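> Encoded as structure tokens, here's the structure I'll be asking about.
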Amino acid sequence: MSYAIITGASKGIGKSIAEILASKGINIILVARSENLLQKICSELEDKYRIEAKYIVVDFTLHGAAEKIYDWCKINHYEIKILINNAGYGLSGAFEKYTADEHTAMMAVNMSVPVSLCSLFLPQLKQQKKAYILNIASSASYQAVPGLAVYAATKSFVLSFSRALRKELRNSVVRVTCICPGSTDTNFVNQAQIGEKARKLADRVNMSPEMVAKIAVDAMLKGKAEVIPGFINKAGAVLTWLLPKSIMENGAMKIYEP
């Protein structure tokens, strides 16, 4: 029996993706830190859609997180045909506001874990009739963002990695898609400690996690390379290509400065 595995699946975009896939009759494996939430979601999706929903509790900031997931799937004979790397978080404010350990922990979750999961599961994905990798980046992937310096850099990495991996796998059964959402109505602003100015701007352009998830899943199943949800986010990405970098960076700094 094959499954879609979704990291960061206890809330927000990950949870919405899980529901969409379950509604399509796809068995799912949810990964996050909150066992109570995962247990509840799995029970609800199994009852509603009559699919198999499993979960594993993992802290992605800890060493060996990806290997723990892979080994667990292998022991339980769970065959993976869809890998969705959704887990991630940000830290806002001046770079020196945070310790080196705090920066590297975020880098591990946003970059190292997705790369490790792709590496570990790719041989199995290539054995399927059709297989998919969906990586969640950000509209911040397209420029340097003072005030979100390391976070934006990690998401640029995710986008670049996804596009390169897609090309490498072009003659295989595995399709790689990267989605780059902008402001989404999730807990990101609280977790990242986003300032009031940026919060107010985000409130004006927020997309729902359900809408972002729908766009993401549709793009993945259609085999698209890269998708930016929402007109405003698309326009912002175009501006980063057209305008001098210093102008875009100055604009971002005004939004995210304390």
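The values are calculated or read from the model by the stated rules, or taken from the named source; none is laboratory data. The structure displayed is predicted, hence computed values, not measured ones. Every residue, glycine among them, receives a Cβ derived from its backbone with ideal geometry; neighbour counts consider all protein chains shown. Protein only, heavy atoms only, side chains kept; ligands, DNA and RNA dropped before computing areas. Shrake-Rupley method; radii C 1.70, N 1.55, O 1.52, S 1.80 Å.
> For region 63-73, check the following and say yes or no: at least one residue is surrounded by fewer than 16 Cβ atoms within 10 Å (Cβ to Cβ) and more than 22 Å from the chain's Cα centre (by Cα).
no
> When you check residue 108 against the structure, is it at pLDDT below 95 and within 18 Å of the chain's Cα centre (by Cα), yes or no?
Details: at pLDDT below 95: no; within 18 Å of the chain's Cα centre (by Cα): yes.
No; evaluated as a whole, the condition is false for this residue.
> Among the residues of region 86-93, are any farther than 30 Å from residue 152 by Cα and open to solvent by less than 30 Å² (accessible area, probe 1.4 Å)? Break it down stepwise before answering.
Looking only at region 86-93, we keep the residues that are farther than 30 Å from residue 152 by Cα, and these are none.
No: region 86-93 contains no residue that is farther than 30 Å from residue 152 by Cα and open to solvent by less than 30 Å² (accessible area, probe 1.4 Å).
> Only one of (1) modelled with pLDDT of 95 or more; (2) open to solvent by 40 Å² or more (accessible area, probe 1.4 Å); (3) of a type in the set (Ser, Thr, Tyr) is not met by residue 139, so which one is it?
Every condition holds for residue 139 apart from (1).
> Report yes if residue 250 is among the polar types (S, T, N, Q) and under 21 Å from the mean Cα position of the chain (by Cα), otherwise no. Break it down stepwise before answering.
On the way: among the polar types (S, T, N, Q): yes; under 21 Å from the mean Cα position of the chain (by Cα): no.
So residue 250 does not fit the description; no.
> May I ask you to list the residues in region 94-110 that are open to solvent by 60 Å² or more (accessible area, probe 1.4 Å) and in a loop (DSSP other than H, G, I, E, B)?
Scanning region 94-110 gives a single hit, 99.
> For region 55-82, name all the residues that are under 22 Å from residue 175 (Cα atoms) and outside any helix (DSSP H, G or I).
Scanning region 55-82 gives 78, 79, 80, 81, 82.
> For region 6-31, which residues satisfy the criterion of being assigned to a loop (DSSP other than H, G, I, E, B) and crowded, with 20+ Cβ neighbours inside 10 Å?
8, 9, 10, 27
> Identify, please: which residue in region 153-181 is in contact with a Ser or Thr (Cβ under 7 Å, 6 or more places away or on another chain) and farther than 13 Å from residue 85 by Cα and is, among those, least open to solvent (accessible area, probe 1.4 Å)?
Per the stated criteria, the residue is 181.
> Do we have any residue at all in region 118-132 that's assigned to a strand (DSSP E or B) and either closer than 17 Å to residue 216 by Cα or in contact (Cβ under 8 Å) with a residue 12 or more places away in the chain (or both)? Steps first, please.
Pass one, region 118-132, residues assigned to a strand (DSSP E or B): 131-132.
Pick out the ones that are also either closer than 17 Å to residue 216 by Cα or in contact (Cβ under 8 Å) with a residue 12 or more places away in the chain (or both) and you get 131-132.
The answer is yes, given that some residue of region 118-132 is assigned to a strand (DSSP E or B) and either closer than 17 Å to residue 216 by Cα or in contact (Cβ under 8 Å) with a residue 12 or more places away in the chain (or both).
> Check residue 37 against each of (1) open to solvent by less than 20 Å² (accessible area, probe 1.4 Å); (2) under 28 Å from residue 183 (Cβ atoms); (3) touching a Lys or Arg at 6+ places or on another chain (Cβ under 8 Å) and name the one condition it does not meet.
(1)
> Here's a check for you: in region 233-246, which residue that is farther than 15 Å from residue 215 by Cα and within 20 Å of the chain's Cα centre (by Cα) is least open to solvent (accessible area, probe 1.4 Å)?
237
> Can you tell me which residues in region 130-175 are among the β-branched types (Val, Ile, Thr) and either closer than 21 Å to residue 103 by Cα or within 13 Å of the chain's Cα centre (by Cα) (or both)?
133, 136, 145, 150, 154, 158 - these are the residues of region 130-175 that are among the β-branched types (Val, Ile, Thr) and either closer than 21 Å to residue 103 by Cα or within 13 Å of the chain's Cα centre (by Cα) (or both).
> Out of curiosity, is residue 217 within 30 Å of residue 131 (Cα to Cα) and either open to solvent by 60 Å² or more (accessible area, probe 1.4 Å) or out of contact with any Leu (no Cβ under 6 Å at 6 or more places or on another chain) (or both)?
Spelling it out, residue 217 is indeed within 30 Å of residue 131 (Cα to Cα) and either open to solvent by 60 Å² or more (accessible area, probe 1.4 Å) or out of contact with any Leu (no Cβ under 6 Å at 6 or more places or on another chain) (or both).
> Only one of (1) farther than 27 Å from residue 26 by Cβ; (2) in contact with a strand residue (DSSP E or B) (Cβ under 9 Å, 6 or more places away or on another chain) fails for residue 103. Which number is that?
(2)
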